[in-house]
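What follows is one structure encoded as structure tokens, with my remarks underneath.
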Amino acid sequence: MTTSRHRGGERPAGIRDVARMAGVSVASASFALNGQPGVAEDTRRRIVAAAEQLGYRANQHAQALRRGRTSSYGIVVRNFANPFFLEVLSGAEEVASDCGATLLVLDSRYSPEHERKHVREMAAQRLAGLAIAPVGAGEGIQLWRELRPDAPVVALNTSGRKVKGVPRVCPDDVAAVELPMRRLAELGHTCIAFLAAPRQLMADPDRLRCFRRVAAELGLRGMVMYSPLTLADVRAAAAAMLSRPDAPTAIITNSDYTAHAVYKAARELSLRIGPELSVVGHDDLATSELLDPPLATIALDGREMGRQLMLRLLGGDLTGDYVAPVRLVDRASLQAPESAGHPGIRDAG
């Protein structure tokens, strides 16, 4: 690419360089390169030739702002630290790349304030559409629809009450809860805990409803462990629950990522994962089978979820929900309880 000298260095050729080489005004060069009328054909050819010789590349973002449209799409996730979202983003980027679209990805960090800020910024940039794994009931989706009523939006991993009428891409939440619960009951567990975000931050209340329904159906004592979904917070919540006299013998988490924190809490209390505490994750990360013991989990195709998400943002015939099939991966963290009652905290001495 030809470059121009700029303050002692080099910069990519700009529209002014093209206009100078072609001997025309900047306005004429811009009209010709953007396919707009008002430029004679021979002049247009001269401008295009100059642009090719200089290796000029138009600033697509600036063009989009001028025209009021763009080929860039936004994605807001709840937690970049969770590798599951990287799988989803890989699938979305694959489809976007094939279609010549670009992605702007931001992390709300489980903060409604950050989420609102990101949505407002993306709306101000007039992105072509937004996919969001919302915090809470879906206020961020509602905000986008108010700010950009004609731009598509897709909800990721949520069943919040404010996402009605919006295409959703999510796992089969009912199966993802029922499968481990029924397996735990088969193994003899009678008291099971369920990790959930605090009510005001919960994006998937259908999972909690399913847990309570199945616990009642199977005659299990179900305990809900509310916690912000950071590793430090989940570790603290798990340690507090496992220290109770009526501690559960199994914990179902919302992700393999948070299951790591339960492992840490159990080890700090000298509880053996498997015989003394069963743990079930969600997402089947590549590293989960390498844990000691290997983590039982819910497997699903995160990349396919990302592809389905992007296809819905791009429009076409795919407008409904995509529910990803799931399966239980039974590993050594899922075992029969060692005794009818919880063994409690072992004496480290």
**Prompt:** For the range 335-342, does any single residue satisfy the condition of being in contact with a Pro (Cβ under 9 Å, 6 or more places away or on another chain), at negative phi, surrounded by 15 or more Cβ atoms within 10 Å (Cβ to Cβ) and small (Gly, Ala, Ser)?
**Reply:** no
**Request:** Please specify each residue of the range 209-232 satisfying the condition of being among the small types (Gly, Ala, Ser) and in contact with a Phe, Trp or Tyr (Cβ under 7 Å, 6 or more places away or on another chain).
**Result:** Gly222
**Request:** State which residue is surrounded by the most Cβ atoms within 10 Å (Cβ to Cβ) when the search covers only the range 228-244 and only residues that are of a type outside the set (Val, Ile, Thr) and under 19 Å from the mean Cα position of the chain (by Cα).
**Result:** Leu229
**Item:** Any pair with Cβ under 7 angstrom, 6 or more apart, that starts in the range 91-115 at a residue that is closer than 24 Å to Val135 by Cβ and ends at one that is aliphatic (A, V, I, L, M) and part of a loop (DSSP other than H, G, I, E, B)
**Value:** Leu104/Leu127; Ser108/Val135; Tyr110/Val135; Tyr110/Leu229; Ser111/Val135; Pro112/Val135; Glu115/Val135
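Restricting to the range 146-176, name every residue that is assigned to a helix (DSSP H, G or I) and either touching a Leu at 6+ places or on another chain (Cβ under 9 Å) or surrounded by fewer than 20 Cβ atoms within 10 Å (Cβ to Cβ) (or both).
Correct list: Glu146, Leu147, Arg161, Lys162, Val174, Ala175, Ala176.
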**Request:** Go through (1) basic (Lys, Arg); (2) modelled with pLDDT of 95 or more; (3) not assigned by TED's automatic domain parsing to the domain that holds Leu220 and name the single condition Arg272 misses.
**Result:** (3)
**Boolean, Ala265 is closer than 25 Å to Ala286 by Cα and in contact (Cβ under 8 Å) with a residue 24 or more places away in the chain** = yes
**Prompt:** All but one of (1) more than 30 Å from Ala124 (Cβ to Cβ); (2) modelled with pLDDT under 75; (3) of a type outside the set (Lys, Arg) hold for Pro12; which doesn't?
**Reply:** (1)
**Request:** Have a look at Ser278, Ser255 and point out the one that is at pLDDT 95 or above and under 22 Å from Tyr110 (Cβ atoms).
**Result:** Ser255
**Asked** Can you tell me which of Ala155, Ala151, Ala175 is farther than 16 Å from Arg331 by Cα and in contact (Cβ under 8 Å) with a residue 60 or more places away in the chain?
**Response** Ala175
**Request:** Can you tell me which residue within the range 177-223, out of those that are farther than 24 Å from Asp233 by Cα and β-branched (Val, Ile, Thr), is surrounded by the fewest Cβ atoms within 10 Å (Cβ to Cβ)?
**Result:** Thr190
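So for the range 185-200 (the condition being part of a helix (DSSP H, G or I), of a type in the set (D, E, K, R) and over 22 Å from the mean Cα position of the chain (by Cα)), does at least one residue qualify? Steps first, please.
Step one: list which residues in the range 185-200 are part of a helix (DSSP H, G or I), which gives 185-187, 199-200.
Keeping just the survivors that are of a type in the set (D, E, K, R) gives 186, 199.
Then keep just the ones that are over 22 Å from the mean Cα position of the chain (by Cα); that gives 186.
Looking through the range 185-200, at least one residue is part of a helix (DSSP H, G or I), of a type in the set (D, E, K, R) and over 22 Å from the mean Cα position of the chain (by Cα).
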**Asked** When the range 110-141 is examined, which residues are found to be surrounded by 22 or more Cβ atoms within 10 Å (Cβ to Cβ) and of a type in the set (Asp, Glu)?
**Response** Glu115
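I need the full set of residues from the range 275-292 which are small (Gly, Ala, Ser) and over 22 Å from Pro245 (Cβ atoms), in order please.
Within the range 275-292, Gly281, Ala286, Ser288 qualify.
The values are calculated or read from the model by the stated rules, or taken from the named source; none is laboratory data. Model, not experiment: these values are computed from the prediction. When we count neighbours, we look across all protein chains shown, and the Cβ atoms used for this are built from the backbone with ideal geometry, even at glycine.
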